[in-house]
Amino acid sequence: MAGAEDTPMSLPMQVEVAFSPGPRQIDRVRVTLAAGASAAQALAASGLVARHAELVGAEGLAFGIGGRLVAPDTPMQPGDRLDICRPLKVDPKEARRQRYRAQGEGGRRRVSGSRSR
């Protein structure tokens, strides 16, 4: 018969922690944590803070699990992927406006459907 220490809540769990330091770069780490560990504990166990100086004391970092923002004290579940999100440098709408202005009048073309007749 299994002892109390073999319950699912006491077994270790594996989660993945991911951080993108720049475009098309992803640093992923699989870590084993105690059941009930928080998102902040998963980040600490991953070693990503030691590898990426921008994470040290960074304000504005956000945590996400399954595409949803979560608080740092949110308990992780086995198999979760924790995404560490950097703060935006530029508002996406403003960046789009800047690209549009940079193209100039000659570079703007309206693209229609690709029907061939």
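Relative to the current alpha-carbon distance between D73 and L88, full extension at 0.36 nm per residue lengthens the span by 3.2 nm. The alpha carbon convex hull volume per residue for segment 9-104 rounds to 108 Å³. Residues whose amide H comes within less than 5 Å of that of T74, counting only those at least five positions distant or on another chain, are A39, A40 (H built at 1.01 Å from N in the peptide plane).
Taking the charge dipole of segment 9-104 about its Cα centre, with +1 at Lys and Arg Cβ atoms and -1 at Asp and Glu Cβ atoms, the residue from P12, A34, P87 reaching farthest to the positive side is P87. Rounded to the nearest whole Hz, the Karplus-based 3J(HN,Hα) values (6.51 cos²θ - 1.76 cosθ + 1.60, θ = phi - 60°) of segment 34-39 follow the sequence 6, 4, x, 5, 8, 4, with x at glycine and proline.
Every number here is computed from the coordinates shown, using simple stated rules; none is lab data. Small disclaimer: the values here were computed from a predicted structure and weren't measured. Every residue, glycine among them, receives a Cβ derived from its backbone with ideal geometry; neighbour counts consider all protein chains shown.
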